[in-house]
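Worksheet: the structure to be examined is printed underneath.
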Amino acid sequence: MKGEESKYFQVAGKMIMKFAERIGLAVWVKDLKAARSLERLGNVHYISKRLHYVYLYVDGKNADQLISRIEQMPFVYRVEPSQRRSLSWNFSNRICPEI
(Lines give C-alpha, C1' and ligand atoms only; values in the text may rest on other atoms or scores of the structure.)
Protein backbone atom coordinates (compact mmCIF):
# COMPACT_ATOMS: atom_id res chain seq x y z
CA MET A 1 0.00 0.00 0.00
CA LYS A 2 1.22 3.46 -0.83
CA GLY A 3 2.14 5.82 1.99
CA GLU A 4 2.06 3.07 4.58
CA GLU A 5 5.16 1.96 6.45
CA SER A 6 6.30 -1.61 6.10
CA LYS A 7 5.57 -3.86 9.08
CA TYR A 8 8.82 -5.75 8.53
CA PHE A 9 12.49 -4.86 8.33
CA GLN A 10 15.55 -6.90 7.55
CA VAL A 11 18.38 -7.57 10.01
CA ALA A 12 21.29 -9.83 9.09
CA GLY A 13 19.29 -11.36 6.24
CA LYS A 14 16.26 -12.18 8.42
CA MET A 15 12.87 -10.51 8.24
CA ILE A 16 11.79 -9.12 11.61
CA MET A 17 8.37 -7.68 12.39
CA LYS A 18 8.06 -4.16 13.80
CA PHE A 19 5.76 -3.71 16.77
CA ALA A 20 3.48 -0.71 16.85
CA GLU A 21 3.91 1.65 19.77
CA ARG A 22 1.03 1.20 22.19
CA ILE A 23 -0.06 3.36 25.08
CA GLY A 24 -2.08 2.09 28.03
CA LEU A 25 -5.08 4.11 29.18
CA ALA A 26 -7.03 3.81 32.40
CA VAL A 27 -10.54 5.04 31.64
CA TRP A 28 -12.78 5.66 34.66
CA VAL A 29 -16.42 5.10 33.73
CA LYS A 30 -19.86 5.60 35.23
CA ASP A 31 -21.55 2.75 33.37
CA LEU A 32 -19.83 -0.58 32.66
CA LYS A 33 -22.34 -1.63 30.04
CA ALA A 34 -21.62 1.49 28.01
CA ALA A 35 -17.88 1.01 28.59
CA ARG A 36 -17.93 -2.01 26.32
CA SER A 37 -18.14 0.44 23.41
CA LEU A 38 -14.48 1.29 24.10
CA GLU A 39 -13.55 -2.03 22.46
CA ARG A 40 -13.81 -0.42 19.02
CA LEU A 41 -11.14 2.18 19.91
CA GLY A 42 -8.41 -0.15 21.18
CA ASN A 43 -7.59 -3.45 22.84
CA VAL A 44 -9.45 -3.76 26.14
CA HIS A 45 -7.14 -5.48 28.59
CA TYR A 46 -9.20 -5.39 31.79
CA ILE A 47 -12.59 -4.18 33.04
CA SER A 48 -12.92 -3.67 36.79
CA LYS A 49 -16.50 -4.11 37.95
CA ARG A 50 -15.76 -3.05 41.51
CA LEU A 51 -13.71 0.09 40.80
CA HIS A 52 -15.45 1.00 37.52
CA TYR A 53 -12.49 1.44 35.22
CA VAL A 54 -11.37 -0.01 31.91
CA TYR A 55 -7.73 -0.51 30.98
CA LEU A 56 -7.11 -0.48 27.25
CA TYR A 57 -4.22 -0.17 24.85
CA VAL A 58 -4.37 2.25 21.92
CA ASP A 59 -2.03 3.05 19.04
CA GLY A 60 0.65 5.50 20.09
CA LYS A 61 0.52 7.54 16.87
CA ASN A 62 -3.01 8.79 17.34
CA ALA A 63 -3.29 8.46 21.14
CA ASP A 64 -3.90 12.18 21.73
CA GLN A 65 -6.85 12.18 19.34
CA LEU A 66 -8.30 9.06 20.93
CA ILE A 67 -7.91 10.44 24.46
CA SER A 68 -9.83 13.59 23.59
CA ARG A 69 -12.47 11.47 21.82
CA ILE A 70 -12.83 9.18 24.85
CA GLU A 71 -13.06 12.13 27.27
CA GLN A 72 -16.07 13.46 25.34
CA MET A 73 -18.06 10.27 25.83
CA PRO A 74 -20.94 10.77 28.30
CA PHE A 75 -20.15 7.74 30.49
CA VAL A 76 -16.44 8.65 30.99
CA TYR A 77 -15.34 10.93 33.80
CA ARG A 78 -11.54 10.53 33.73
CA VAL A 79 -8.81 9.24 31.40
CA GLU A 80 -5.28 8.60 32.67
CA PRO A 81 -2.46 7.65 30.30
CA SER A 82 0.07 5.11 31.55
CA GLN A 83 3.15 6.51 33.30
CA ARG A 84 5.29 3.53 32.36
CA ARG A 85 7.32 5.37 29.71
CA SER A 86 8.30 8.10 32.17
CA LEU A 87 9.70 5.64 34.74
CA SER A 88 13.39 4.85 34.92
CA TRP A 89 14.16 1.20 34.17
CA ASN A 90 17.78 1.39 35.30
CA PHE A 91 17.94 -0.46 38.61
CA SER A 92 21.66 -1.28 38.62
CA ASN A 93 22.60 1.38 41.18
CA ARG A 94 19.53 0.85 43.39
CA ILE A 95 19.88 -2.80 44.34
CA CYS A 96 22.00 -2.36 47.43
CA PRO A 97 23.54 1.13 47.64
CA GLU A 98 24.90 0.77 51.19
CA ILE A 99 27.29 -2.08 50.33
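The values are calculated or read from the model by the stated rules, or taken from the named source; none is laboratory data. Computed from a predicted structure; not experimentally measured. Counting neighbours? That spans all protein chains shown, and the Cβs are built from the backbone with ideal geometry, glycine included.
Of the numbered conditions (1) modelled with pLDDT of 90 or more; (2) in contact with a Leu (Cβ under 8 Å, 6 or more places away or on another chain), SER68 fails exactly one; give the number of that condition. Looking at each condition in turn, SER68 falls short on (2). Of the numbered criteria (1) in contact with a Gly (Cβ under 6 Å, 6 or more places away or on another chain); (2) modelled with pLDDT of 95 or more, the one TYR55 fails is (1).
Taking the criterion of being at pLDDT 95 or above and aliphatic (A, V, I, L, M), the residues of segment 74-92 that qualify are VAL76, VAL79. Number of residues in segment 42-85 that are farther than 16 Å from ASP31 by Cα and assigned to a helix (DSSP H, G or I): the value is 9.
Restricting attention to segment 36-72, the residues being among the aliphatic types (A, V, I, L, M), surrounded by 11 or more Cβ atoms within 10 Å (Cβ to Cβ), farther than 23 Å from PHE19 by Cα and without any contact (Cβ under 8 Å) to a residue 24 or more places away in the chain number 1.
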